[in-house]
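Quick notes on the structure that follows.
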Amino acid sequence: IALGGPKVDFTATPEADGVAAGGKIRALFSFTLAEGWHVNANKPLEDFLIPTELTLDADPDVTVAGAVYPEAKTFKTKFQEQPLAVYSEKFNIGLILDVAPTAAPGTKTLKGKLKYQACNDEQCSPPKKVPVELSFQVLQAGQAAKPNDTAAFGSLKWDAAAASAPAAPTSAPSPEAA
């Protein structure tokens, strides 16, 4: 097993192909780890553990209005006495995005990163940050958005995002944010 840990694959899906300026759009980031690996939850059970955190780079037209992390699973490793709160090999993180009323029509591409530390039953890899990207259209006035296949959006509790709006305009919320 490489000390660098598993490769993390992701897809980013907006709930529709576009959104009007001044509107909101939800986005689902789906992550896949190699079999047997997990990452710490966004709210780990121990202070010294590195939380999984999805953030977007600052953008003048888009702010993160809320983030939804999956429910953590409890996991016990051979090398850790206390159980861990983790996300297993496949997990989703959702973001609710506010688009500024002044956003110009056209393609909007947001970049960011997933910060995590992957572990398996025997070891943890060093913490990593992997780049993520999401694209959607800012629509012209009167243009209708077409919904994407949003079946996977049901895997998250979106109502929880409203209560977790971030203080910083573009970072996904996390009580451990540094």
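The values are calculated or read from the model by the stated rules, or taken from the named source; none is laboratory data. Only a predicted model underlies this, so the values are computations on that prediction, with no experimental measurement involved. Heads up, the Cβs are rebuilt from the backbone with ideal geometry, glycines too, and the neighbour counts pull from every protein chain shown. Heavy atoms of the whole protein, side chains included, go into the accessibility calculation; ligands, DNA and RNA do not. Shrake-Rupley method; radii C 1.70, N 1.55, O 1.52, S 1.80 Å.
Structure above, values below:
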{"quantity": "Surface accessible to a 1.4 Å probe, residue 124 within the full protein complex, Å²", "calculated": "50"}
{"quantity": "Phi-based couplings in Hz for segment 38-48 (Karplus 6.51, -1.76, 1.60; Gly and Pro marked x)", "calculated": "8, 10, 4, 5, 5, 10, x, 7, 10, 4, 7"}
{"quantity": "Segment 1-45: C-alpha gyration tensor shape, a/c 1.5 cut-off, then a/b vs b/c", "calculated": "prolate"}
{"quantity": "Under Karplus coefficients 6.51, -1.76 and 1.60, residue-wise ³J(HN,Hα) of segment 26-31 in Hz, glycine/proline x", "calculated": "8, 10, 10, 9, 9, 10"}
{"quantity": "Per-pair calculated FRET efficiency, R0 = 25 Å: residue 100 and residue 32 via Cβ, rounded to 0.05", "calculated": "0.20"}
{"quantity": "Cα-Cα over 22 Å, subset of 43/115; 111/157; 24/128; 90/146; 73/115; 90/157", "calculated": "111/157; 24/128; 90/146"}
{"quantity": "14 Å beta-carbon shell around residue 78, net charge (K/R +1, D/E -1)", "calculated": "-2"}
{"quantity": "For peptides 37-45, 80-88, sequence by mean Cβ density within 10 Å, most packed first", "calculated": "37-45, 80-88"}
{"quantity": "Relative contact order [Cα under 8 Å, 6+ residues apart], the chain, whole percent", "calculated": "33"}
{"quantity": "For the chain, built as a Gaussian network whose Cα springs stay under 10 Å, the top-fluctuating residue of 127, 101, 51", "calculated": "101"}
{"quantity": "Under-5 Å amide H pairs with residue 61, H placed in peptide plane, nonlocal only", "calculated": "none"}
{"quantity": "Cα-centre dipole for segment 37-122 with unit charges at Cβ (Lys and Arg positive, Asp and Glu negative), debye to 20", "calculated": "180"}
